[in-house]
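Encoded as structure tokens, the structure appears first; notes follow it.
The values are calculated or read from the model by the stated rules, or taken from the named source; none is laboratory data. What you see is a predicted model, and the numbers here were worked out from it, not measured in a lab. Positions of Cβ are generated from backbone atoms using ideal geometry, with glycine treated the same way; all protein chains shown enter the neighbour counts.
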Amino acid sequence: MKIGLVILQINVTDLEKARAYYVDTLGFEMLSHSTHVVEICLHGGPLCLLYKVDRRADNGYPDATGIIPVFLVQDIDAIHADWKAKGVEFVPCSWAKEESGIGDCPFGRFIGVRDPFGNAFEILQQRV
């Protein structure tokens, strides 16, 4: 057995609000839109599905187990400043030494983000 395809499904309670958040605010590209699913991607990255569900997520990030998508960015400081100005909710690293809440990890610098539906993901600027 092998993994042949990875599609990230992000469950949301309001599809239009989710489309506006991920496409207009965060800058994802919208590939298609239907009554139950919006297909998006970030800079040619993996396919993400915004999928309509009835109740809000609460994955307990960062203190609970679960799968956390990580989106690679070229300039985390610029993305952080842009998204902060747009009202995006960040989840700072508890060990971050920077006032922004961006922390170091073995792979580079990262910070958590929580969407309006309770889903969490991280952005990461990889070490060169």
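So, in the stretch 49-60, of the ones that are of a type in the set (A, V, I, L, M, F, W, C) and within 16 Å of the chain's Cα centre (by Cα), which residue ends up surrounded by the most Cβ atoms within 10 Å (Cβ to Cβ)? Steps first, answer last, please.
First pass over the stretch 49-60, keeping only residues of a type in the set (A, V, I, L, M, F, W, C): 49-50, 53, 57.
Filter once more, keeping what is within 16 Å of the chain's Cα centre (by Cα): 49-50, 57.
On the way: Leu49: 17, Leu50: 29, Ala57: 18.
Top of the filtered list is Leu50.
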**Asked** List the pairs whose first member sits in the stretch 65-76 and is modelled with pLDDT of 90 or more, whose second member is among the acidic types (Asp, Glu), and whose Cβ atoms are under 7 Å apart, counting only residues at least 6 apart or on separate chains?
**Response** Val70/Glu122
**Item:** Residues located in the stretch 87-117, provided they are within 11 Å of the chain's Cα centre (by Cα), of a type outside the set (Asp, Glu) and loosely packed, with under 15 Cβ neighbours inside 10 Å
**Value:** none
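Pull up the stretch 69-93, narrow it to residues that are of a type in the set (A, V, I, L, M, F, W, C) and part of a loop (DSSP other than H, G, I, E, B), then point me to the one that is farthest from Leu50 (Cα to Cα). Please lay out each step first, then the result.
Just the residues of the stretch 69-93 that are of a type in the set (A, V, I, L, M, F, W, C), to begin with: 70-73, 76, 78-79, 81, 83, 85, 88, 90-91, 93.
From the residues that got through so far, the ones that are part of a loop (DSSP other than H, G, I, E, B) too are 73, 88, 93.
Values: Val73: 20, Val88: 18, Cys93: 26 Å.
Among those residues, the one meeting the criterion is Cys93.
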**Asked** Just for the stretch 1-48: of the residues that are acidic (Asp, Glu) and in a strand (DSSP E or B), which one is surrounded by the fewest Cβ atoms within 10 Å (Cβ to Cβ)?
**Response** Glu29
